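Reviewing the structure listed below.
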Amino acid sequence: MTALSKKSWGTAIAVLFGSFAVFILALVGFASLQRFNLVEINYYEQELKYQEKIDKLNRTHAIPDGITLFHNQRTGILSVIFDFDDSTSTIDGTITFFRPSDSALDFIVPVKPEESGIQSINITGLANGLWRIKVDWRVAGEDYYFEDILVID
């Protein structure tokens, strides 16, 4: 009976060790299949430029009604309304549609408002969920930045 119990202990240890090895390999395999999207592709470079972003935000907040976003859910049009006193200056920049959950859906639209200061963007094909709209523009030699959240149902 002692030989049988020694065999049982050896078998039990081998099964336990084998089970642990299979568990670890499964855990490593599962972890390697996970997608990790960074917040931004060049996150560290943008972090170094953060003070510039703060300055742009402060300039934007100093302008009453400087920019407004309006989403018409019925038509699927996002209106970006630039409200500046100086209508002779051109507005240049980018509007970034940032999807925190999937960076493959991110895209950029150039800022090209009409003479009225309104830029209409058709967003009917956007995936449902949360989007961050980042508007980075330049008027009369000054840089501005605005960010807002858009939730599409």
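The table below gives the values:
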| item | result |
| --- | --- |
| Exposure ranking of Val135, Val15 by accessible area [1.4 Å probe, largest first] | Val15, Val135 |
| P(r) histogram, all alpha-carbon pairs of segment 79-125 included - 5 Å bins from 0, percent | 5, 18, 27, 20, 14, 9, 6, 2 |
| Computed over the chain, Cα set: Rg, Dmax in Å | 27.1, 100 |
| Average projection area in nm² (convex hull over Cα atoms of segment 103-153, one quarter of hull surface) | 4.5 nm² |
| Leu25 accessible area, 1.4 Å probe, all protein chains in place, Å² to nearest 10 | 130 Å² |
| Accessible area of segment 32-153 divided out per residue, in Å², using a probe of 1.4 angstrom | 67 Å² |
| Cβ-based charge dipole, the chain, positive-most Cα from Ile91, Ala12, Ile149 | Ala12 |
| Among Ala104, Ala14, Ala31: highest mean-square fluctuation, GNM of the chain, C-alpha pairs under 10 Å | Ala14 |
| Principal-axis tilt of helix 2-32 within the chain, Cα atoms, nearest 10 degrees | 10 degrees |
| Computed label-point distance, nm, for sites Leu130 and Asp92 using a 7 Å Cα→Cβ extension | 3.4 nm |
| Summed residue charge, Cβ within 14 Å of Leu150's Cβ, Lys/Arg positive, Asp/Glu negative | -1 |
| Angle in degrees between helix 50-62 and the longest Cα principal axis of the chain, rounded to the nearest 10 | 40 degrees |
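The values are calculated or read from the model by the stated rules, or taken from the named source; none is laboratory data. Bear in mind that the values here come from a model prediction, so they are computed numbers and not experimental data. As a convention, Cβ positions derive from the backbone with ideal geometry for all residues, glycine included, and neighbour counts pool all protein chains shown. The area values use the complete protein model at the heavy-atom level, side chains included, leaving out ligands, DNA and RNA. Shrake-Rupley method; radii C 1.70, N 1.55, O 1.52, S 1.80 Å.
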